[in-house]
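Notes follow once the structure below has been shown.
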Amino acid sequence: MDELTDELMQGNRRALSRAITLVESTRPDHRARALALLSELPDRQALRIGLSGTPGVGKSTFIEAFGKMLTGQGLRVAVLAVDPSSARSGGSILGDKTRMETLSRDPLAFIRPSPSRAELGGVARRTRETVRLCEAAGFDVVLIETVGVGQSETLVAEMSDLFLLLLAPAGGDELQGVKRGIMEIADIILVNKADGDLRATAMRTVADYAGALRLLRKRAYDPEGFPKALPVSAYTGDGLAGAWVEMTALADWRREQGHFATRRAEQARHWFTAELRAGLLARLDAPEVRARLREQGDAVARGEADPDAAAADMLGWLNG
Ligand SMILES: Nc1nc2c(ncn2[C@@H]2O[C@H](COP(=O)(O)OP(=O)(O)OP(=O)(O)O)[C@@H](O)[C@H]2O)c(=O)[nH]1
Ligand SMILES: [Mg+2]
């Protein structure tokens, strides 16, 4: 174990992969080792960037171009994914390494697909732990990608220092059905495909979203001018350097003002509570508990027991 920690801290990729496999495992002895490993990690920080967008908006293309730009500056970049569909399909985003072909061969980059066949809560936990492993391995930037479908965006935002929303150019003034809740967690909206014929539309979309963002309630952890909307092209690379300047400016400001640490502390508290809740719920899955649940449920259904009294009784038994 100590050897694994040492190799991990030296940035050894094989050690990183092995450590990730360990935190992904559901075997109780692996879990114990994973927790021991995580508790030994040094306090190194990367910039954690969440990235969300609907299918086809250009997430993979963006990560490839943006990631290459960062590694070109000598930064080490890890790319992770939270895939809400993997629970059902067993497939995973970032399985399509084809769109990230150059980045996946870059010695300064590390790409890890979403684990398959785990429920979303499990995927989120593994990703959080993997972020910490990547930080320990010396990565400067950790990108966490997710498809834009509700719950997974919130999960990713809760483990990120900065949250990016990638959008496509849209005609007219309809705001692409982006939910208010998603707008509220975005730090920077990037309107992708601002190139060729789509450029003019993209610029109008940027203006529309800039207007919509100004209507949101001001957040204590934003400097003047944030959140903001910017045009980018993952194809041509236009706007990527500017977007990175904005990201680092925002992160630096939050560090100086103490918001960076406060947000991480709040996130840690959030995940502690979430993990505890999940653990308590999991107790209901034990065979003897399920049997008793079924018995009590039947009694309630037959009218022999009051639902609230039966629940209180069951809780007492669980705590006993
Ligand atoms: N014109 C233009 N097309 C782009 C740009 N970025 C991506 N595309 C195209 O948009 C399509 C989708 O790109 P992807 O990067 O696969 O999109 P994605 O968001 O990863 O999609 P999923 O993995 O399905 O969620 C592809 O045909 C890309 O070539 C861009 O900056 N400009
Ligand atoms: Mg993709």
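Bear in mind these aren't lab numbers, they're just calculated from the coordinates by the rules spelled out. Treat the numbers as computed from the prediction; the structure is a model and nothing was measured. Note that each Cβ is placed from the backbone with ideal geometry, even for glycine, and that neighbours are counted across all protein chains shown.
Points to keep in mind about this one:
- Take every pair of alpha-carbon atoms less than 8 Å apart whose residues are at least six positions apart; their mean separation over the length of the chain yields a relative contact order of 17 percent.
- Alpha-carbon spread of the chain, three principal axes, descending order, Å: 69, 52, 40
- Per-residue ³J(HN,Hα) for the stretch 52-68, Karplus 6.51 cos²θ - 1.76 cosθ + 1.60, θ = phi - 60°, Hz, x for Gly and Pro: 10, x, 5, x, x, 6, x, 4, 5, 5, 5, 4, 4, 6, 5, x, 5
- Dipole axis of the chain (+1 Lys, Arg; -1 Asp, Glu on Cβ), positive-most option in GLY150, VAL245, THR130: VAL245
- Size of electric dipole in the stretch 1-41: Cβ of Lys, Arg +1 and of Asp, Glu -1, about Cα centre, debye, nearest 20: 220 debye
- By other beta-carbon atoms within 10 Å, ranking ILE111, ILE63 with the fewest at the front produces ILE111, ILE63.
- Highest-MSF residue in the chain out of ASP308, ASP161, ASP195 [GNM, Cα springs under 10 Å]: ASP308
- Placing R0 at 22 angstrom, the Cβ-Cβ distance between ALA241 and ARG214 gives a FRET efficiency of 0.30 after rounding to 0.05.
- Our coupling estimate for the stretch 155-166, obtained by passing each phi through the Karplus curve with A = 6.51, B = -1.76, C = 1.60 and θ = phi - 60°, is 4, 5, 4, 6, 10, 10, 7, 10, 10, 9, 10, 9 Hz, Gly and Pro reported as x.
- For the stretch 293-304, backbone phi angles converted through the Karplus equation (6.51, -1.76, 1.60; θ = phi - 60°) give residue-by-residue couplings of 4, 5, 4, 5, x, 4, 4, 5, 5, 6, x, 7 Hz, Gly and Pro being listed as x.
- Under 20 Å from the Cα of LYS179 - lysines, other chains or at least 8 residues apart: LYS59, LYS218, LYS228
- Choice from LEU155, LEU35, LEU293 with maximal GNM fluctuation in the chain (Cα, 10 Å cutoff): LEU293
- Here the chain is assigned +1 on the Cβ of each Lys and Arg and -1 on the Cβ of each Asp and Glu. Its dipole about the Cα centre then comes out at about 260 debye.
- Paramagnetic reach from GLU256 in the stretch 178-221 [backbone N under 19 Å; point 7 Å along Cα→Cβ]: 219-221
- Candidates MET183, ALA15, GLY279 compared by Cα position along the dipole of the chain: farthest toward the positive end lies ALA15, with charges placed on Cβ.
- Taking each residue as 0.36 nm, the span from ARG269 to ASN12 lengthens on full extension beyond its C-alpha to C-alpha distance by 89.5 nm.
- Selected from ALA301, ALA81, ALA210 as most flexible by GNM, with the chain as the system and alpha-carbon contacts under 10 Å: ALA301
- Coil-residue GluC sites (Glu not before Pro) of the stretch 221-320, DSSP, other Cβ within 10 Å capped at 15: GLU224, GLU304
- Amide H contacts under 5 Å for ARG48: VAL142, ASP161, LEU162, restricted to partners 5 or more places along the chain or on a different chain, H placed in the peptide plane at 1.01 Å from N.
- Between amide H atoms placed 1.01 Å from N, distances below 5 Å from ALA234 occur with LYS193, ALA194, all of them 5 or more places distant or on a separate chain.
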